[in-house]
Every structure is written in C-alpha cells, then in structure tokens.
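Only one structure is covered here, and it is reproduced in the block below.
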There are 2 protein chains.
Amino acid sequence: MMSEVEAKTASEQTRARLLDAAREVFAEHNFQGATVREICRRAEANVAAVNYHFGSKEGLLAEALNFSQLAALQKANVQADECPKMRLRMFLHDFMLMLLDEKNASTQCRIMARELADPTPALDQIVSEAIAPLHEFLGKLLREIIGDKVSEAELRRCVYSIFGQCQFYRHSHPVLQRLHPKLRYDHKEIEAIAEHITEFSLAGIKHLAKK
Amino acid sequence: MMSEVEAKTASEQTRARLLDAAREVFAEHNFQGATVREICRRAEANVAAVNYHFGSKEGLLAEALNFSQLAALQKANVQADECPKMRLRMFLHDFMLMLLDEKNASTQCRIMARELADPTPALDQIVSEAIAPLHEFLGKLLREIIGDKVSEAELRRCVYSIFGQCQFYRHSHPVLQRLHPKLRYDHKEIEAIAEHITEFSLAGIKHLAKK
DNA sequence: TTTACTTTCAAACATGTGTTTGATACAGTT
DNA sequence: AACTGTATCAAACACATGTTTGAAAGTAAA
C-alpha cells in the first residue's frame, strides 16, 4: 500500500503525513465523526495544518481519496488471458481481498463504505472516478458470460447482485462479528467467501441467460 | 405504520411525538449527526424534553427502535401454506417492499442501516432483537429448499448472499441515484427487483445443493 | 547577512452540541 | 381553594468542533 511519506521538502512531508493520517481516521469514523484535531495529532502536525495545506476538512478528504489500487485490479483482469468465467473468479478473489483483508490498504474501501451511509460532496467524486468505471467493468465481463439474450436492465441487476454480495461482508461486519464472534477475515476465509460468491453468482447468471 | 400520537395524557403525547420525530431524524442522519434540537423542533417540544423523558439521546434511540413490522412479516410467512420456494419468493417480495418503499415506514430499516455503518450501543439491541432472528428465519427457510447435503457454513453464506443483494439497493441508493438518475423505487420496480433476487438466488442455491 | 517568502505554532474565535437548572404552568387530589 | 407532584420552558452550562489569526521559526535566493 506504500505510505506517502517519502517526499522531499518538509512541507511535502507534512502534507503526506496528513494524508496518511486522514485516510486512517476517515476510515475509522465517518466524515462528520472524524476530527481535524485527531488527524493532526496522528500526523504530528499543528491543528492549523489541514486548513493551510488543504483549505478545509473537505478538501483534505477529496485529496485523501485514491483509487489506483482499484484501477490496477481492473486493468490486470482485462489483460489476463483467461476465459470470462475464470476472469470473474479472479476478479472476485482480488476484489474481496482488497475489500476484507485488514492488513492491506482497505482504508479506501472503508472510506467509500462510510460515504455510502452518509454522503458528503466527496461521494460524487467517488462515484464518477471509482464506482461507475467498476460497474461498467463488471457489466462488460458479465455480458461476455451471459450473451445477448438478457436485457440491459437484467444485466445491471446481476451486477448489483454480485456487488451486493461482496459489500455485505464489509458493511455487515459489525453485525457478523456479534452473530459469530469467532469469525475472522483471514486469507483462507476470504478465499472461501470469494469462491462462494463466484459459484452462487455464476449459477444465477446462467439461469437468467437461459430463461 | 401507524403514528404513536394517539395516547392519553399530555405527557404521553409529547413522549409519542418525540419518538416519531426521533425515528425520522435518526433515519435521515446517523446517530451523531442527528441533533436533539432538531428532534425536539419537529416534535414541537422543548430541548429539555428528551432528557426528561428518556434520560439521554441514547435512551431515546433505544426506545425509538421498533421491530414489530419485521417480526410480523416473518410470522405471516411461517404460517403461510405454501411450498418453501414460494415462501422465499413471498418473503423477498415483502422484505424488499419494507426495505425500499419510501411511503412505508422503512424508517426502522434506515436507522438500522446507519447503525451498521457507524455502530452505537444500540447495535447490540438491533442484532439480538431483529437481525439474529431474521437470519435464523431465512436459514431455516433455505434449509427446507437446499436439503441436508450442504454444510451449515455454506448455508450461512447463502443467507448472506441473499441479504447482501437485498441490502445493496438500500445501502447503495445514493450511488445508484447518481449512476441512473431516473431510478425510482416505485411498486413495480421493487417487485422487479424482488423477482430478480428470487430467481438469481434460487439458481445459486440449487447449484450449491447438487454440487 | 539581508531579504522575501513559506511553513509552523499556540491561542483565540465562532458556532453547535448534549445536558442541566430553576422557575413556571399544569394536573389531579383533598 | 390549597396542596403536591409532574411536565414544560427559556436560559445557561460545559465542552468539542472547524477555522482563523498573528507572531515566530524556518528556508532559500540575492
């Protein structure tokens, strides 16, 4: 995930530290709940630093967003020399790892999840830069599997069905933890989840294709 | 959905007005974002009323939660004289109506969705009183369809797959609105969604059962 | 070194928050 | 009518928030 603190000047370093800290705090609390003071405390910067470098708390959030990992995932998938079903399996595997692996930089996903629940102006940016391309990507992939018999509206609902299953494990994590306290999102569990979603969804898709 | 303002004494009426207003405001903002002053303004009560009648903002939230509609839905479904597949279809239809119909009292669902994103002590109550029974209900229903060949863990993932699809339309509503501004959750659309989830999921379940 | 500019800092500002207070109005009982 | 416990109210309290300010420290070119 690479931290950003490798810049040059002292000013650039504080900027980078602020961005790192902001990603952490925005991932832990929603926009309203995250405080500038907490971010600055973790970045070891003065409270005024956020407004000096980013204009406002909102400006900081906008710059803290980073979708490069998500874009890379899609690019690698498109370039992979595999059949559509296999690419769906690969995508769900990589996507769920990104979504659930705690050691990884899923901070971006967490921030996005919080924006869904309580939108700020940043959601427009997230939708146009990250979610819309992602939905288009999966739509095209499903179209390769499903053929031309299925309407555009039905295809879209299949995309929703898949992302819905994926996001459930992130959104409902607080609930699942209470229902099954032993639950841990380790590598093995994540792969089992991805495999389940793949099988479940492929069956659903095929059924709709031949109906 | 029946408002609660039909009580006896003046004190009970303000209590009821406060609860109604609280459900509205908690549904619109998350717990932190909802302000006592806004609730009291809508209830046409004094700011001190919340603490007088409910002890605190948290106490108000705890009393504002109400899962009777959800429980009634399950009870009716269990008592229905239909085959399991048909009961799944009925459940998803009713559940999605409850989840998405804006005219209906989906305020409870909205509050629950907000608690998922940013848990407060009320989430424990929500999980034990509403979500755990709901998951158990759907688990039993799926077991009737899927038979005994599938492990408990796989069955649970099927439950997750279904609820994931359902919740997606609520959680991601802000996103879907931006992606497809013409989208409206009218009765017809909700029924189409429920039908899609039913077909998609039944295919997924059957596939896992015979694997 | 001097100068001009950028960056940091402690403090203050303005506002919004949940909660408390003490007085006042109201209800029902005697 | 007088009394008593309850409910309402405006005001204040205590605290947290994002942001601004003006001075101090730092930086780099002349």
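The values are calculated or read from the model by the stated rules, or taken from the named source; none is laboratory data. For clarity, every value in this text was computed on a predicted model and none was experimentally measured. Ideal geometry is used to build each Cβ from the backbone, glycine not excepted, and the neighbour counts take in all protein chains shown.
Matching residues to (1) of a type in the set (Val, Ile, Thr); (2) within 18 Å of residue B:29 (Cα to Cα); (3) touching a helix residue (DSSP H, G or I) at 6+ places or on another chain (Cβ under 6 Å):
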site: B:96; (1), (2), (3): no, no, yes
site: B:102; (1), (2), (3): no, yes, no
site: B:119; (1), (2), (3): no, yes, yes
site: B:137; (1), (2), (3): no, no, yes
site: B:145; (1), (2), (3): yes, no, yes
site: B:159; (1), (2), (3): yes, no, yes
(request) Enumerate the pairs (first residue in segment A:148-168 and within 19 Å of residue A:89 (Cβ to Cβ) and in contact (Cβ under 8 Å) with a residue 40 or more places away in the chain; second residue anywhere and in a helix (DSSP H, G or I) and of a type in the set (Gly, Ala, Ser)) with beta-carbon separation below 8 Å, excluding pairs fewer than 6 apart on the same chain, so at least 6 apart or on different chains. (result) A:158/A:201; A:158/A:204; A:161/A:201; A:161/A:204; A:162/A:201; A:166/B:164; A:167/A:113; A:167/B:164
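Need at least 2 residues that are outside the structural domain of residue A:33 (by TED's automatic domain parsing), small (Gly, Ala, Ser) and surrounded by 16 or more Cβ atoms within 10 Å (Cβ to Cβ) per element, so show me which helices (runs of 4 or more DSSP H) inside segment A:96-196 make the cut, counting only ones lying wholly within it. Write out each step before concluding.
Working: elements: A:107-117, A:122-126, A:132-146, A:152-171, A:173-179.
Passing ranges, in order: A:107-117, A:152-171.
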(message) For a quick check of your reading: which helices (runs of 4 or more DSSP H) sit entirely within segment A:9-86 and have at least 2 residues that are within 30 Å of residue B:115 (Cβ to Cβ)?
(response) A:10-28, A:36-42, A:57-64, A:68-79
(request) Please go through segment B:1-26 and pick out each residue that is within 23 Å of the chain's Cα centre (by Cα) and either more than 20 Å from residue B:122 (Cβ to Cβ) or modelled with pLDDT under 95 (or both). (result) B:1, B:2, B:3, B:4, B:5, B:17
(message) Being within 13 Å of DNA strand C (Cβ to nearest atom) and modelled with pLDDT of 95 or more narrows it down to one residue among A:64, A:72, A:45; which is it?
(response) A:45
(message) Could you check segment A:34-49 and list, in sequence order, the residues that are more than 14 Å from chain B (Cβ to nearest Cβ) and near DNA strand D (Cβ under 6 Å from one of its atoms)?
(response) A:36, A:37, A:47, A:48
(message) Can you tell me which condition residue B:177 does not meet? The list is (1) facing chain A (nearest Cβ under 10 Å); (2) in contact with a helix residue (DSSP H, G or I) (Cβ under 9 Å, 6 or more places away or on another chain); (3) not basic (Lys, Arg), and all the others hold.
(response) (2)
